[in-house]
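See structure below.
The values are calculated or read from the model by the stated rules, or taken from the named source; none is laboratory data. Everything quoted here is computed from the prediction, not taken from an experiment. FYI the Cβ positions are ideal-geometry reconstructions off the backbone, even for glycines, and counts take in every protein chain you see. Each accessible area value is taken on the protein alone, full model and side chains, heavy atoms only, with ligands, DNA and RNA left out. Shrake-Rupley method; radii C 1.70, N 1.55, O 1.52, S 1.80 Å.
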Number of protein chains: 2
Amino acid sequence: MNKYAVIVAGGSGIRMNSSVPKQFLLLKNKPVLYYTLQAFLQSYADMKIILVLPEEHIAIGQEIIDAYFDYDRIRITIGGRTRFHSVQNGLKLVDEESIVLVHDAVRCLVDVDLIYRCYEAALEFGAAIPAIASKDSVRLVTEEGNEAVERRNVRLIQTPQAFLSTVLIPAYNIDYKDKFTDEATVAEAFGMKMKLVEGNENNIKITLPPDIIYAEYILDSRS
Amino acid sequence: MNKYAVIVAGGSGIRMNSSVPKQFLLLKNKPVLYYTLQAFLQSYADMKIILVLPEEHIAIGQEIIDAYFDYDRIRITIGGRTRFHSVQNGLKLVDEESIVLVHDAVRCLVDVDLIYRCYEAALEFGAAIPAIASKDSVRLVTEEGNEAVERRNVRLIQTPQAFLSTVLIPAYNIDYKDKFTDEATVAEAFGMKMKLVEGNENNIKITLPPDIIYAEYILDSRS
């Protein structure tokens, strides 16, 4: 089956006390985005990447690709107003039946085993997303206040979120809704069931300065 | 108002690839538990601490207290089969009307501002727990599969969880149930409403080796 990774970057870098968007921050002297792209390129020899960046970051994204990678397997396109619109733009470049893995650019600690699990489960079930247990208790804010949910039933959802293109592309013809916080919610609105696969606790989003330290430790422990 | 912190440690250290329980691992050459105790001692001059440890760890807990602290403000007691039973044991040492703050020993990055927020809200509302937004999408496992919950309504719950002793102590007369994963669920079963206060993203549980690196970074950035 053909394989596409749609890697989505947004973010302004404000939370990092930095004017550098998080995907361009340096981890062991290479940008966060380098590690994300590298994981997908290494996963399958025929994995093609569609990198979705805000318009103002296209040039730096292109520089990173030119510096580190085989350009033939990576294309860049411009992001939209929300993550939903960015993914919608990325999907326009998927022009053959495939498994599409949508991934957060700032989850740079994704490893090939996780990519394999998502790909294989999507091939079998049509839609697969990585999930981990929550270390914290979880509550829902309600009109009356808040209520506990049973922690054993809670799953925190990561990316890559993997789908058959024949499902995901038509699903994205829907009008945008606020509740579309990830691809799973969009595919679900289209009637798909999500298969949960085991995520990876290290597969964090780089959003706060100490996350960089955490990520460098993980990268060091792998090499 | 009198003030008690019930600091609960369990855990076998298995996840850390270590025979050392997580609360005794070293951060900048001092045990995790040192930082947890220190935060509560520093918060209020009249804060008393009840440290609940598994029986086999009482001796090392005592050594840490003797090495670093004013013993008069800290007492140790033996933990139970579950967290519920450990807290129940700890509460037996609360012998005056007070605000009781129950805290995970391995959340050693708790800071005094968070302790103040929880204490003050518990004084006003009877029960207060720290909450943060989730960076990940969240799903609930159901009998039919799984379903998304609206992320804007999700809160991840931390500790300290703070209560009026006149509510928490009678609440703990209840029989244990599996769903009692934290003190809030016990107090809620007793009819209490939880006030959510703003948590702190750094207030993590130390459970995996890279968490140590993360914690050292936070401690360095404070000093």
A:Asp182 vs (1) surrounded by fewer than 23 Cβ atoms within 10 Å (Cβ to Cβ); (2) touching a residue at least 12 places away in the same chain (Cβ under 8 Å); (3) closer than 14 Å to B:Asp136 by Cα; (4) not hydroxyl-bearing (Ser, Thr, Tyr): all pass except (1)
In the stretch A:109-149, the residues that are in contact with a Phe, Trp or Tyr (Cβ under 9 Å, 6 or more places away or on another chain) and within 18 Å of A:Tyr44 (Cβ to Cβ):
A:Val110, A:Val112, A:Ile115, A:Tyr116, A:Tyr119, A:Ala122, A:Ala128
Failed criterion for A:Asn153 (all others in (1) open to solvent by 10 Å² or more (accessible area, probe 1.4 Å); (2) in contact with a helix residue (DSSP H, G or I) (Cβ under 9 Å, 6 or more places away or on another chain) hold):
(2)
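Kindly indicate which of A:Ile174, A:Ile213 is under 16 Å from B:Pro210 (Cα atoms), open to solvent by less than 50 Å² (accessible area, probe 1.4 Å) and of a type in the set (A, V, I, L, M).
Working: A:Ile174 fails: under 16 Å from B:Pro210 (Cα atoms).
Answer to the selection: A:Ile213.
Filter the stretch B:109-143 for residues that are hydroxyl-bearing (Ser, Thr, Tyr) and facing chain A (nearest Cβ under 8 Å) and give the result. Before the answer, list the steps.
As a first pass, look at the stretch B:109-143 and keep what is hydroxyl-bearing (Ser, Thr, Tyr): B:116, B:119, B:134, B:137, B:142.
Correct list: B:Ser134, B:Ser137, B:Thr142.
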Check off (1) within 27 Å of A:Ala9 (Cβ to Cβ); (2) open to solvent by less than 30 Å² (accessible area, probe 1.4 Å) for A:Ser137 and give me the number that stays unchecked.
(1)
Here the qualifying pairs (Cβ atoms under 7 Å; residues six or more apart or on different chains; first in the stretch B:64-88 and in contact (Cβ under 8 Å) with a residue 60 or more places away in the chain; second surrounded by fewer than 20 Cβ atoms within 10 Å (Cβ to Cβ) and not in a loop (DSSP other than H, G, I, E, B)) come out as B:Gly79/B:Asn89
When the stretch A:56-114 is examined, which residues are found to be basic (Lys, Arg) and touching a strand residue (DSSP E or B) at 6+ places or on another chain (Cβ under 9 Å)?
A:Arg73, A:Arg75, A:Arg83, A:Lys92
Number of the exception - B:Arg222 against (1) modelled with pLDDT of 95 or more; (2) closer than 25 Å to B:Tyr35 by Cβ:
(1)
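Looking only at the stretch B:67-82, decide whether some residue is under 26 Å from B:Pro210 (Cβ atoms), modelled with pLDDT under 95 and among the basic types (Lys, Arg).
The initial filter retains those residues of the stretch B:67-82 that are under 26 Å from B:Pro210 (Cβ atoms), namely B:68.
Cutting the leftovers down to modelled with pLDDT under 95 gives us B:68.
Within this subset, residues satisfying the condition of being among the basic types (Lys, Arg) are none.
The answer is no; no qualifying residue exists.
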